[in-house]
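Visitor: Here it is: the structure, laid out below.
The values are calculated or read from the model by the stated rules, or taken from the named source; none is laboratory data. This one's a predicted model, so the numbers in the text were calculated from it and none came from an experiment. Reconstructed Cβ throughout: ideal geometry from the backbone, glycine too, with neighbour counts over all protein chains shown.
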């Protein structure tokens, strides 16, 4: 089990601190949203995830001084789609 391995945990922490975090536009206000944890816990038969448009306040679309928009993460399955999560900037709202 990778979760019990200190080597794997340290490797993942290093990735977040030294690789993923370097991709943020602003280190103080930027956010990394981890939606994969919910996908792994619920295991829906997903084909993909999407966020329509480029909503203000979503990751990579932060704008200091501007009010963030509420946006939905859509889950696609075979022949169907549904709202998987709603966010307002990095805060999940449902």
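Visitor: If you check every pair at least six apart or on different chains, which have Cβ atoms under 7 Å apart with a residue in the range 6-25 that is surrounded by 11 or more Cβ atoms within 10 Å (Cβ to Cβ) first and a residue that is assigned to a helix (DSSP H, G or I) second?
Guide: 8/2
Visitor: Just to be sure, is residue 16 over 16 Å from residue 92 (Cβ atoms), in contact with a strand residue (DSSP E or B) (Cβ under 6 Å, 6 or more places away or on another chain) and not in a loop (DSSP other than H, G, I, E, B)? Even if it seems obvious, please write down each step before you answer.
Guide: Details: over 16 Å from residue 92 (Cβ atoms): yes; in contact with a strand residue (DSSP E or B) (Cβ under 6 Å, 6 or more places away or on another chain): no; not in a loop (DSSP other than H, G, I, E, B): yes.
The answer is no for residue 16.
Visitor: Ok, one more. Condition test on residue 30, is it at pLDDT 75 or above and part of a loop (DSSP other than H, G, I, E, B)? Spell out how you get there, then give the answer.
Guide: On the way: at pLDDT 75 or above: no; part of a loop (DSSP other than H, G, I, E, B): yes.
So residue 30 does not fit the description; no.
Visitor: Out of 56, 49, 12, 75, I need the residue that is touching a helix residue (DSSP H, G or I) at 6+ places or on another chain (Cβ under 9 Å) and within 13 Å of residue 87 (Cβ to Cβ). Which one?
Guide: Details: 56 fails: touching a helix residue (DSSP H, G or I) at 6+ places or on another chain (Cβ under 9 Å); 12 fails: within 13 Å of residue 87 (Cβ to Cβ); 75 fails: within 13 Å of residue 87 (Cβ to Cβ).
None of the other options fit; the residue is 49.
Visitor: For the range 62-87, name all the residues that are over 13 Å from residue 51 (Cβ atoms) and in a strand (DSSP E or B).
Guide: Within the range 62-87, 77, 80, 82 meet the criteria.
Visitor: If you don't mind, another one. Against the condition loosely packed, with under 15 Cβ neighbours inside 10 Å, without any contact (Cβ under 8 Å) to a residue 24 or more places away in the chain and under 14 Å from the mean Cα position of the chain (by Cα), how does residue 43 come out, does it pass? Full working, then the answer.
Guide: Details: loosely packed, with under 15 Cβ neighbours inside 10 Å: yes; without any contact (Cβ under 8 Å) to a residue 24 or more places away in the chain: yes; under 14 Å from the mean Cα position of the chain (by Cα): no.
So residue 43 does not fit the description; no.
Visitor: Further question: Hey, can you tell me all the residues within the range 77-93 that are under 14 Å from residue 39 (Cα atoms) and surrounded by fewer than 15 Cβ atoms within 10 Å (Cβ to Cβ)? Quick ask: steps written out before the conclusion?
Guide: As a first pass, look at the range 77-93 and keep what is under 14 Å from residue 39 (Cα atoms): 77, 82-85.
Selection gives 77, 82, 83.
Visitor: Does residue 38 count as surrounded by 12 or more Cβ atoms within 10 Å (Cβ to Cβ), in contact with a strand residue (DSSP E or B) (Cβ under 8 Å, 6 or more places away or on another chain) and modelled with pLDDT of 85 or more?
Guide: Working: surrounded by 12 or more Cβ atoms within 10 Å (Cβ to Cβ): yes; in contact with a strand residue (DSSP E or B) (Cβ under 8 Å, 6 or more places away or on another chain): yes; modelled with pLDDT of 85 or more: no.
No.
Visitor: Considering each of 59, 68 in turn, give the residue that is surrounded by 10 or more Cβ atoms within 10 Å (Cβ to Cβ) and touching a strand residue (DSSP E or B) at 6+ places or on another chain (Cβ under 7 Å).
Guide: Result of the check over 59, 68: 68.
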